[in-house]
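Have a look at the structure below before the remarks.
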């Protein structure tokens, strides 16, 4: 199977669960819509390692940066003003970085799917 037929293999750090989710979610799209979906999704997607790095930066530097990166501006400001809820929230995010990345990527997949459906 070449990369065009399964372009999700080229995404860095993709898990089998994420690949299955993407394949099921894009099954009803046309080929052009799938290309558009892939283009949009790959630009928005964050890997687990990226979230982990931003959370570590939040732990030792700018608290809440991981939340800003994920588009959660209000939580980012709250983390920043409270020093990551006195580091407890940041430590919880550090432990749950995989779940944070998966939730974020699902939201981005849904947004990308909606954009692809509207394209021709």
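The table below lists the values:
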| read-out | value |
| --- | --- |
| Odd one out for residue 17 among (1) exposed (fewer than 13 other Cβ atoms within 10 Å of the Cβ); (2) more than 14 Å from the chain's Cα centre (by Cα) | (2) |
| Within the range 70-85, tally of residues that are touching a helix residue (DSSP H, G or I) at 6+ places or on another chain (Cβ under 6 Å) and not in a loop (DSSP other than H, G, I, E, B) | 4 |
| Any hit, the range 70-84, residues being surrounded by 15 or more Cβ atoms within 10 Å (Cβ to Cβ), under 17 Å from residue 106 (Cβ atoms) and modelled with pLDDT of 95 or more | yes |
| Check on residue 65, surrounded by 16 or more Cβ atoms within 10 Å (Cβ to Cβ), free of Cβ contacts under 8 Å to residues at least 60 places away in the same chain and farther than 15 Å from residue 48 by Cβ | yes |
| Scope the range 22-63; condition outside any helix (DSSP H, G or I) and more than 16 Å from the chain's Cα centre (by Cα); matching residues | 26, 27, 28, 29, 30, 61, 62, 63 |
| Contacts under 8 angstrom Cβ, first residue in the range 85-102 being closer than 21 Å to residue 47 by Cβ, partner loosely packed, with under 13 Cβ neighbours inside 10 Å and at pLDDT below 95, 6 or more apart | 102/17 |
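The values are calculated or read from the model by the stated rules, or taken from the named source; none is laboratory data. All of these numbers come straight from a predicted model, not from anything done at the bench. Quick reminder, even Gly has a Cβ in these numbers, built from the backbone with ideal geometry, and neighbours come from all protein chains shown.
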